[in-house]
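Below you'll find the structure, written out as structure tokens, and then a few comments.
The values are calculated or read from the model by the stated rules, or taken from the named source; none is laboratory data. Computed from a predicted model, the values in this text were never measured in an experiment. Neighbour counts are summed over all protein chains in view; Cβ atoms, including those assigned to glycine, are modelled from backbone coordinates with ideal geometry. Accessible surface areas use protein heavy atoms only, side chains included; no ligands, DNA or RNA. Shrake-Rupley method; radii C 1.70, N 1.55, O 1.52, S 1.80 Å.
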Amino acid sequence: NNTGRIEAGAKAAVSVTHNVFNKYDYDPANSTTAEDPKENDDFTYTEQVYAAYINVAKQFNDKWNAQLGLRGEATVSTGDWTGSSNNRAYFDVSPNVFVNYMPSQKAILSLNYSYRLNRPGYWQLNPFRTYINATTYTEGNQFLDPSYGHNLNFTGVFWSRFTATLGYRHVKDMSDMQLPIFEDGGTMALKYMNYGQADAAYLSL
């Protein structure tokens with residue numbers, strides 16, 4: 001009856017990344033160059049994502065409309081670093097809900113909830129040490145888990161001019177650099193890890 005719609009779709013994405021870095025020590029006295037295997041980096045990361053979604057929208061009357069979506073994602077990934085492999089497979093479902101109410105021509109009120117998956121970046125997964133200076137290095141972690149976030153916000157637009165938003169966000173299994181690790185000799189290591197959760201409430205005008 002021209003007051004609603006249904007959308008559906010599918011997506012497949014495959015990415016392969018290969019990073020090679022070899023270190024060589026040069027001896028000026030003998031004019032010789034020798035490879036240092038302990039400092040080499042050979043990291044291959046393959047990720048396959050297969051997703052499908054459905055979205056339903058409905059206009060109930062002149063004041064109310066709503067939208068409901070559901071997305072399913074299957075992820076298969078393989079990380080291989082100098083002979084150490086990490087194979088993973090997981091499936092996630094991400095819903096989102098949007099409700100819009102217009103009591104008059106001067107005001108629009110909307111409520112939105114979404115659940116999101118955030119995969120770690122390639123640079124976070126590569127276990128190779130990258131030296132910032134002589135005493136500090138960063139290091140990735142191929143065993144990082146994705147993070148998951150709940151987002152809820154309530155927004156009001158008044159006289160097509162003023163906007164107010166009240167929101168709340170909860171993220172679990174966050175992945176970032178943890179507190180510095182001080183090793184023997186004073187070297188400081190910054191390593192990517194899953195370190196907990198974060199909660200934030202916000203108000204914007």
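Quick notes on this structure:
- Number of the exception - V14 against (1) surrounded by fewer than 14 Cβ atoms within 10 Å (Cβ to Cβ); (2) at pLDDT below 95; (3) in contact with an Asp or Glu (Cβ under 9 Å, 6 or more places away or on another chain); (4) aliphatic (A, V, I, L, M): (2)
- Any hit, the stretch 52-60, residues being closer than 18 Å to G149 by Cα, out of contact with any helix residue (DSSP H, G or I) (no Cβ under 7 Å at 6 or more places or on another chain) and either at pLDDT 90 or above or open to solvent by less than 50 Å² (accessible area, probe 1.4 Å) (or both): no
- Only residues that are within 30 Å of P146 (Cα to Cα) and either hydrophobic (A, V, I, L, M, F, W, C) or in contact (Cβ under 8 Å) with a residue 12 or more places away in the chain (or both) were counted in the stretch 29-51, giving 13.
- Looking across the stretch 17-51 at every residue that is over 28 Å from R71 (Cβ atoms) and small (G, A, S), the one that is surrounded by the most Cβ atoms within 10 Å (Cβ to Cβ) is identified as A34.
- Qualifying residue in the stretch 67-76 (condition: over 22 Å from the mean Cα position of the chain (by Cα) and more than 28 Å from F154 (Cβ to Cβ)): no
- Count - residues of the stretch 169-205 that are under 20 Å from W123 (Cβ atoms) and not small (G, A, S): 16
- 2 or more residues open to solvent by less than 40 Å² (accessible area, probe 1.4 Å) and at pLDDT 95 or above: qualifying strands (runs of 3 or more DSSP E) within the stretch 92-183: 107-118, 147-158, 162-172
- Residue in the stretch 85-93 that is out of contact with any strand residue (DSSP E or B) (no Cβ under 8 Å at 6 or more places or on another chain) and at negative phi present: no
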